[in-house]
Amino acid sequence: MTDTVRAVMLDPDWFGDVDAERRHFRELLDREVTVEGIDCTEAEIPGAVGEADLLLSHYTGVSAAAMDATGCSVVSRYATGIDDIDVPAATERGVRVTRVPSYCDDEVGSHIVSLAMALVRGLPMYDAATESGAWQWKDAAPIRPPEQLTFGFLAFGNKARAAAERAAALGFDVCAHDPFLDDEEITSRGATPVGFEELLDESDVLSVNTPLTPDTEGMLDADALARLDDDAVVVNTSRGKVIDEDALLAALEADELRGAGLDVLAEEPPASGNPLLARDDVIVTPHAAWYSTESEATLRRRGTEIAVAAYNGEHVDGVVNPDALE
């Protein structure tokens, strides 16, 4: 370790500034630290950043080339997902990769159910109809009460469980498919364990919560979406590429789904011509399910605390590749 530590936030515009990170780093490190914001893409990191001890990111990916060019010892993701950080390359190089677990479970749980209920109740359809001059209760029919519906979860981690509690309180039956959990764990959290095909067959609301991996990319394709009921709602707060967006659009255009609530898209931000943005049966939010004033403060504080702990070689919750600490 050097006497001066340099940390670089790769997408500072996402937070608006790096003032909180600068303050937290100076409180936590017993040596001089500089915290800079350099807005760049993954490909631009080698030329734009220079040498850095820590790379901080919310969206920007970090490749092996970026690690080699900067000589960093920590790559810190100020979020939960790490799908665009080359963790195997980091481990080979002794670079610690960190994330911030469980900082926004309640926020995401509330967002999932809010998107679902808006579509179940037909709010965007009613809004579009009244804006065009109509005033008919039938414009979003049929609307069924939650007590007649099943809320299904594709993966059942902490955020899905927070949503499940809220859905159950509204009267939904709850089921979940998660191949990494045993049935007892799912049942203990108030959901009925089901297989993937049964999840699709039974869900009136399908919440996508699985991480993006080679196995889950495009998992909800045309065949999977076709198993859903024509009045079903799809909600995605995980990663956009888990859903085949062309297949989703085709299903919506054919009236084979009631609607979709999307907090994530395959391309973020989306191109202005993305047809999903113009549909009255689709709600798109800007990857904001995580957000509240409290969760933002927690994310920035805990993200820095975990990054500093990893830089100091400490084993803490949030270090993705503890082998790199050896």
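Checking understanding here: applying a Kyte-Doolittle mean of at least -1.0 and a length along the axis of at least 24 Å (C-alpha), which whole DSSP H helices in the chain pass? Numbers along the way, then the final one.
Values: long enough: 293-311 (27 Å, -0.47).
Result, helices passing both filters: 293-311.
Sort Leu276, Leu265 by Cβ crowding within 10 Å, fewest neighbours at the top.
Values: Leu276 18, Leu265 21.
In order of increasing Cβ crowding within 10 Å: Leu276, Leu265.
With charges set only on the Cβ (+1 for Lys and Arg, -1 for Asp and Glu), what does the dipole of the range 105-284 come to about its Cα centre, in debye to the nearest 20? Display every interim value, and only then the final one.
Details: 12 positive and 37 negative charges, 123 e Å.
Using only the charged Cβ atoms, the result is roughly 580 debye.
Given only helices, namely DSSP H runs of n ≥ 4 each adding -39500 (n - 2.57), what is the per-residue ellipticity at 222 nm of the chain, to the nearest 500 deg cm²/dmol? Could you put the intermediate results ahead of the total?
Working: 13 runs with 116 residues, N = 326.
When only DSSP H runs of four or more count, the value is -10000 deg cm²/dmol.
Show me the three semi-axes of the equivalent ellipsoid for the range 105-284, from the C-alpha gyration tensor (sqrt of 5 times each eigenvalue), largest first, rounded to whole Å. Let's see the in-between values first.
Working: eigenvalues 126, 75, 41 Å².
Equivalent-ellipsoid dimensions as semi-axes: 25, 19, 14 Å.
Could you list Cys40, Cys175 so that the one with the fewest beta carbons within 10 Å of its beta carbon is first and the one with the most is last?
Details: Cys40 17, Cys175 20.
By the 10 Å Cβ count, ascending, the order reads Cys40, Cys175.
Over the Cα atoms of the range 210-282, Rg to Rh with Kirkwood Rh, two decimal places? Intermediate values should be presented prior to the final figure.
Values: Rg = 11.5 Å, Rh = 12.3 Å.
Dividing the radius of gyration by the Kirkwood radius yields 0.93.
Under 1.5 on a/c is rounded, so check that first for the range 1-155, then, if it is not, pick prolate when a/b is larger than b/c and oblate when it is not; a ≥ b ≥ c are the square roots of the alpha carbon gyration tensor eigenvalues. Provide the component values of the computation, followed by the final result.
Working: a/c = 2.91, a/b = 2.60, b/c = 1.12.
Prolate.
Please report the spacing between the Cα centers of the range 67-117 and the range 16-46 in Å, no decimals.
About 16 Å separates the Cα centre of the range 67-117 from the one of the range 16-46.
In which sequence would Thr41, Thr91, Thr60, Thr304 go, from the one with the fewest C-beta neighbours within 10 Å to the one with the most? Mind showing how you got there, number by number?
On the way: Thr41 12, Thr91 18, Thr60 22, Thr304 27.
Neighbour counts put them in this order, fewest first: Thr41, Thr91, Thr60, Thr304.
What is the distance, in nm, between label points placed 7 Å from the Cα along the Cα-to-Cβ direction at Ala271 and at Ala226?
The two pseudo-label positions are separated by 2.7 nm.
Between Asp323 and Glu198, take the C-beta separation as r, use R0 = 30 Å, and let me know the FRET efficiency to the nearest 0.05. All intermediate terms of the calculation are to be shown ahead of the outcome.
Values: r = 37 Å, r/R0 = 1.24.
That gives a FRET efficiency of 0.20.
With the cut-off at 1.5 for a/c, could you classify the range 177-237 from its C-alpha gyration tensor as rounded, prolate or oblate?
Oblate.
Within 10 Å of each candidate Cβ there may be at most 10 other Cβ atoms; applying that plus a DSSP loop requirement, which chymotrypsin sites (Phe, Trp or Tyr not before Pro) in the range 82-172 survive?
Working: sites: Tyr103, Tyr126, Trp135, Trp137, Phe151, Phe153, Phe156, Phe172; in loops: Tyr103, Trp135, Phe156, Phe172.
Listed in order of number, the matching sites are Trp135.
Mind listing which GluC sites (Glu not before Pro) in the range 240-285 are in a DSSP loop and have 11 or fewer other Cβ atoms within 10 Å?
Of the GluC sites (Glu not before Pro), the ones in loops of the range 240-285 whose Cβ has at most 11 other Cβ atoms within 10 Å are Glu267.
Using alpha-carbon positions, what is the distance between the centroids of the range 144-183 and the range 211-271, in Å?
Distance between centres, Cα-based: 18 Å.
Over the C-alpha atoms of the chain, what are the Rg and the largest Cα-to-Cα span, Dmax, in Å?
Gyration radius and largest Cα-Cα distance of the chain: 21.4, 69 Å.
Every number here is computed from the coordinates shown, using simple stated rules; none is lab data. In this text, all values refer to a predicted model and were calculated from it rather than measured experimentally. Note that we place each Cβ from the backbone using ideal geometry, even for glycine, and neighbour counts take in every protein chain shown.
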